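**Student:** Pasting in a structure now, in structure tokens, and then I'll have a few things to ask.
The values are calculated or read from the model by the stated rules, or taken from the named source; none is laboratory data. A quick note: this is a predicted structure, and the numbers were derived from the prediction, not measured. For neighbour counting, all protein chains shown are included, and Cβ atoms are generated from backbone atoms with ideal geometry for every residue, glycine included.
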């Protein structure tokens, strides 16, 4: 089983003047701890669960490029890019650039977008939900076409690309893995089966909901003849890890059991944010006690 760190908060005790140093240090610590992946939110304003919109928020793809320069092995992705934020052709170029410069470490995390406030605040059009899903599907089609090296014109309902050239091509073959965020059973999980390489479900939805989403995804895969096992199943949670479990945090043993439980339901990679991410303690515990044990866990169905 794999572990990945999401960094959704860039407000640290060290202050904004040290934000870059602290974020770079977090990326380095995550890699040294043996984590498989590092993720940032692709938002422009901070979102409600973390604090007011005025809190510091880095642009996601620039932050990942910075992290790539501070690391050598860890995979890098957005959790997730809203399809409305960037033209799909430019988004594929951006993801490809990260993949090339990082020697093949990029994920493309993408979803239908939801945060209307930041759209309106920065002047980004925010179409109705139905249209956003239509745009998401076209963006996924464009990504597959560009990563396949097909330069034929793309003529969709919402996007027209006369020559979808992508040079240089991505290092990862056939392309960087596409993680589609969201839990909608009729549209999102169908797109995961058809276009995606990974899904992401909030762990806080609970065991029953998680099993239900995976069952729906399996049905979608069966309906198009795709092996369900090809899809990487990931979850996202908010955690805190300490050596003694203080303040309702997880001890290393509790974290290992948490991962074992997810693996029993078929989760391949457990992603989490850390409330104490600016502390060294959780990374030391991950490196010495948690990651070596979690890597031994085989997810159900593997």
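**Student:** Inspect all residues belonging to the range 83-91 and state whether any of them is surrounded by 22 or more Cβ atoms within 10 Å (Cβ to Cβ), touching a helix residue (DSSP H, G or I) at 6+ places or on another chain (Cβ under 6 Å), in a loop (DSSP other than H, G, I, E, B) and in contact (Cβ under 8 Å) with a residue 60 or more places away in the chain.
**Tutor:** No, there is no match, as no residue in the range 83-91 is surrounded by 22 or more Cβ atoms within 10 Å (Cβ to Cβ), touching a helix residue (DSSP H, G or I) at 6+ places or on another chain (Cβ under 6 Å), in a loop (DSSP other than H, G, I, E, B) and in contact (Cβ under 8 Å) with a residue 60 or more places away in the chain.
**Student:** Would you check which residues across the range 72-82 are buried (at least 23 other Cβ atoms within 10 Å of the Cβ) and over 17 Å from the mean Cα position of the chain (by Cα) and list them?
**Tutor:** Within the range 72-82, no residue meets the criteria.
Listed here are the residues, each with its yes/no results for (1) surrounded by 15 or more Cβ atoms within 10 Å (Cβ to Cβ); (2) at pLDDT below 95; (3) touching a helix residue (DSSP H, G or I) at 6+ places or on another chain (Cβ under 7 Å).
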site	(1), (2), (3)
198	yes, no, no
201	yes, no, yes
207	no, no, no
218	yes, no, yes
223	no, no, no
232	yes, no, no
235	yes, no, yes
246	no, no, no
270	yes, no, yes
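Rundown of residues vs (1) closer than 25 Å to residue 49 by Cβ; (2) free of Cβ contacts under 8 Å to residues at least 40 places away in the same chain, yes/no style:
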site	(1), (2)
227	no, yes
234	yes, no
263	no, no
268	yes, no
287	no, no
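**Student:** Which one of these does residue 54 not meet: (1) surrounded by 14 or more Cβ atoms within 10 Å (Cβ to Cβ); (2) closer than 25 Å to residue 19 by Cβ; (3) free of Cβ contacts under 8 Å to residues at least 60 places away in the same chain?
**Tutor:** With respect to (1) surrounded by 14 or more Cβ atoms within 10 Å (Cβ to Cβ); (2) closer than 25 Å to residue 19 by Cβ; (3) free of Cβ contacts under 8 Å to residues at least 60 places away in the same chain, residue 54 is out only on (1).
So that you can scan it fast, the table gives a plain yes or no per residue for (1) outside any strand (DSSP E or B); (2) within 18 Å of the chain's Cα centre (by Cα); (3) closer than 30 Å to residue 74 by Cβ:
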site: 158; (1), (2), (3): yes, no, no
site: 164; (1), (2), (3): yes, no, yes
site: 213; (1), (2), (3): yes, yes, yes
site: 219; (1), (2), (3): yes, no, no
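**Student:** If you don't mind, another one. Taking residue 66 as the residue in question, decide whether it is outside any loop (DSSP other than H, G, I, E, B), touching a helix residue (DSSP H, G or I) at 6+ places or on another chain (Cβ under 8 Å) and surrounded by fewer than 20 Cβ atoms within 10 Å (Cβ to Cβ). Outline the logic, then answer.
**Tutor:** On the way: outside any loop (DSSP other than H, G, I, E, B): yes; touching a helix residue (DSSP H, G or I) at 6+ places or on another chain (Cβ under 8 Å): yes; surrounded by fewer than 20 Cβ atoms within 10 Å (Cβ to Cβ): yes.
Judged against the criteria, residue 66 is a match.
**Student:** Mind telling me which of the residues 140, 136 ends up being buried (at least 21 other Cβ atoms within 10 Å of the Cβ), out of contact with any helix residue (DSSP H, G or I) (no Cβ under 6 Å at 6 or more places or on another chain) and part of a helix (DSSP H, G or I)? Give the steps one after another, and end with the answer.
**Tutor:** Details: 140 fails: out of contact with any helix residue (DSSP H, G or I) (no Cβ under 6 Å at 6 or more places or on another chain).
So the residue among 140, 136 that is buried (at least 21 other Cβ atoms within 10 Å of the Cβ), out of contact with any helix residue (DSSP H, G or I) (no Cβ under 6 Å at 6 or more places or on another chain) and part of a helix (DSSP H, G or I) is 136.
**Student:** Scan the range 143-156 for residues that are touching a strand residue (DSSP E or B) at 6+ places or on another chain (Cβ under 8 Å) and part of a loop (DSSP other than H, G, I, E, B) and report the count.
**Tutor:** 1
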